[in-house]
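The values are calculated or read from the model by the stated rules, or taken from the named source; none is laboratory data. Just so it is clear, the model here is predicted, and its values are computed rather than measured. Reconstructed Cβ throughout: ideal geometry from the backbone, glycine too, with neighbour counts over all protein chains shown. For accessibility, only protein heavy atoms count, side chains too; no ligands or nucleic acids. Shrake-Rupley method; radii C 1.70, N 1.55, O 1.52, S 1.80 Å.
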Amino acid sequence: MAKKVSANGKTKKRTIGIILAAGKGTRMITDLPKVLHEVCGRPMLAFVIDSCRAAGIEHLYIIVGYGKEHVMREFKDASDITWVEQKEQKGTGHAVMCCQPYLKKFDGDCVILCGDGPLIRTETLKELLAKHHHEKSSATLATSILDDPTGYGRIVRDSYGNLQGIVEHSDCTAEQKRIQEVNPSYYCFDWKDLDWALGKITPSNVKKEYYLTDALSVLIQSGKKAIAITAVPPQDVLSINSRHQLAEVSKVMQSRIQDDLMNHGVTIVDPSNTWIDARAYIGQDTVINPFTYIHGRVKIGRNCRVGPFAYLRDGTVLEDDVVLGVFIEVKNSHFGSGTRARHHSYIGDAKVGKQVHIGAGTIFANYDGKTIHETQVGDLSFIGSGATLIAPIEVANDSHIEPGSVIRSEGKESSAKVKKTTSKKPGKSGASQKR
Ligand code: UD1
Ligand code: CA
């Protein structure tokens with residue numbers, strides 16, 4: 001592979017990423033591949049992929065094994081990923097060995113990360129890469145210092161602070177177990193050096209696995225330059241090996257999502273009793289009241305009020321100044337600006353216009369037992385309390401629906417309290433002109 005030539009004419013080494021994601025996740029007790037378990041609405045692997053891309057890593061090799069078809073399907077649209085199969089999971093070193101046939105001619109750097117660590121930050125990766133390039137080292141790792149280092153590989157340094165290697169928790173002596181500096185598995189290697197070192201490692205440890213961390217020791221013992229920088233904030237280190245850790249990591253991610261929204265002018269009245277999906281967008285001066293759950297790709301405009309106890313689902317769009325109040329469930333629906341549904345409603349697969357009043361207890365019946373249908377409500381319409389709109393149905397602009405009405409398309413029996421039909425198109429409802 002050719003080296004990149006930068007603006008000043010100097011050659012710049014290319015950097016690829018390798019993400020280890022072949023493990024079954026035995027401790028999760030699951031049939032779903034571990035890296036597909038969701039953190040705030042997205043598979044945990046997606047966060048690792050995103051941070052690599054944001055750090056400028058140009059191509060990714062992702063090691064898959066257990067449930068590989070499922071993992072690949074989830075990211076099928078990505079053109080910057082080469083999927084590498086590890087048939088048997090013989091350790092993190094073995095996982096990287098599976099990339100060797102693909103990288104025979106590659107002469108650059110590789111960042112290696114684990115797919116079960118979604119809390120990784122782009123800034124940390126950039127710092128790791130900058131240090132690696134500046135120091136021209138053969139291996140660079142980013143480490144962290146934890147109050148409780150149990151379970152992690154320990155960073156062993158000599159009395160001058162030089163990196164000597166990493167010892168896995170299960171292989172540590174009593175003295176090594178007291179080391180608080182740990183390996184969060186953020187590495188950058190010169191690929192040619194690592195390629196060589198991988199040929200030297202053996203599974204001679206408690207777990208009988210090929211450890212990637214042993215390849216680092218091989219490089220150090222052969223006199224190559226290897227450095228470790230303490231660049232990973234302790235709260236980012238947690239990786240997911242169990243359902244408990246999945247919940248813990250999700251909580252950290254949730255507070256990042258909410259911090260980001262608050263930094264952009266969104267009020268979240270009670271952050272610990274609010275859940276917002278990583279894919280949601282919320283505009284400035286919107287207020288999210290307690291016990292609101294926003295799931296999926298939801299887009300909320302400026303100056304809206306949502307909740308308390310609102311459930312907004314995938315595909316929902318709120319233009320500006322929309323109010324969705326207490327006990328409202330909304331799915332895949334679009335609301336024009338100024339529309340209000342303040343109390344106890346289900347609204348599914350609807351296109352609701354501007355300045356529409358949706359009364360208490362209104363139900364949009366979008367499912368007939370076989371198919372999902374759409375409802376359209378025109379601008380400035382009034383829907384009285386307790387109305388049921390049976391989809392498919394179109395309610396014209398300025399319609400007035402009496403409280404308690406059951407509205408169907410024309411051609412079917414309707415119990416709507418109709419005064420005057422404004423509908424012209426076939427299939428429109430028998431709703432009456434507003435007041
Ligand atoms: C690893 C590190 C440890 C570090 C910890 C940080 C090694 C030997 N140990 O331990 O130093 O503190 O991460 O979280 O590297 N995987 C494969 N194929 C395999 C084995 C693992 O793809 O054959 C993948 C897993 O799917 C997972 C990642 O590698 O995403 C890490 O494996 P895991 O078994 O969780 O390693 P740890 O014991 O956590
Ligand atoms: Ca792990």
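Pairing residues of the range 126-143 that are of a type in the set (Asp, Glu) with residues that are outside any helix (DSSP H, G or I), at Cβ distances under 9 Å and at least 6 apart in sequence or on separate chains, gives Glu127/Ala142; Glu127/Ile229; Glu127/Ala231; Glu135/Lys225; Glu135/Ile227. Answer yes if at least one residue in the range 325-336 is at negative phi and touching a residue at least 40 places away in the same chain (Cβ under 8 Å), and no otherwise. Within the range 325-336, one or more residues are at negative phi and touching a residue at least 40 places away in the same chain (Cβ under 8 Å). Of all the residues in the range 278-298, those that are crowded, with 18+ Cβ neighbours inside 10 Å and part of a loop (DSSP other than H, G, I, E, B) number 8.
Quick grid of which residues meet (1) within 23 Å of Met44 (Cα to Cα); (2) within 20 Å of the chain's Cα centre (by Cα); (3) more than 15 Å from ligand 1 (Cβ to nearest atom):
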position: Leu119; (1), (2), (3): yes, yes, no
position: Lys136; (1), (2), (3): no, no, yes
position: Ser144; (1), (2), (3): yes, no, no
position: Asp147; (1), (2), (3): no, no, yes
position: Gly151; (1), (2), (3): yes, no, no
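The range 178-272 holds helices (runs of 4 or more DSSP H) entirely within its bounds, and those carrying 2 or more residues that are within 16 Å of ligand 2 (Cβ to nearest atom) and open to solvent by less than 70 Å² (accessible area, probe 1.4 Å) map to 212-221, 243-263.
Only residues that are basic (Lys, Arg) and in a strand (DSSP E or B) were counted in the range 134-156, giving 1.
Restricting the first member to the range 36-63 and to residues that are in the same structural domain as Cys110 (by TED's automatic domain parsing), and the second to residues that are of a type in the set (Lys, Arg), the beta-carbon pairs closer than 7 Å and six or more apart or on different chains are Gly41/Arg279; Arg42/Arg279; Ser51/Arg121; Ala55/Lys126; Glu58/Arg14.
Scan the range 143-150 and give yes if some residue there is more than 16 Å from ligand 2 (Cβ to nearest atom) and open to solvent by less than 70 Å² (accessible area, probe 1.4 Å), otherwise no. Within the range 143-150 (the criterion being more than 16 Å from ligand 2 (Cβ to nearest atom) and open to solvent by less than 70 Å² (accessible area, probe 1.4 Å)), the answer is no, since none of the residues qualifies. Could you please let me know if Gln258 is touching a Phe, Trp or Tyr at 6+ places or on another chain (Cβ under 8 Å) and polar (S, T, N, Q)? When the stated conditions are applied, Gln258 does not pass them. Test Ser272 against the stated conditions and say whether it is over 14 Å from the mean Cα position of the chain (by Cα) and within 16 Å of ligand 1 (Cβ to nearest atom). Criteria not met by Ser272. Is it the case that some residue within the range 156-176 is under 19 Å from Lys90 (Cα atoms) and hydrophobic (A, V, I, L, M, F, W, C)? Within the range 156-176 (the criterion being under 19 Å from Lys90 (Cα atoms) and hydrophobic (A, V, I, L, M, F, W, C)), the answer is yes, since at least one residue qualifies.
Out of all the residues in the range 157-167, is one or more of a type in the set (Lys, Arg), assigned to a strand (DSSP E or B) and open to solvent by less than 40 Å² (accessible area, probe 1.4 Å)? No, the range 157-167 contains no residue that is of a type in the set (Lys, Arg), assigned to a strand (DSSP E or B) and open to solvent by less than 40 Å² (accessible area, probe 1.4 Å).
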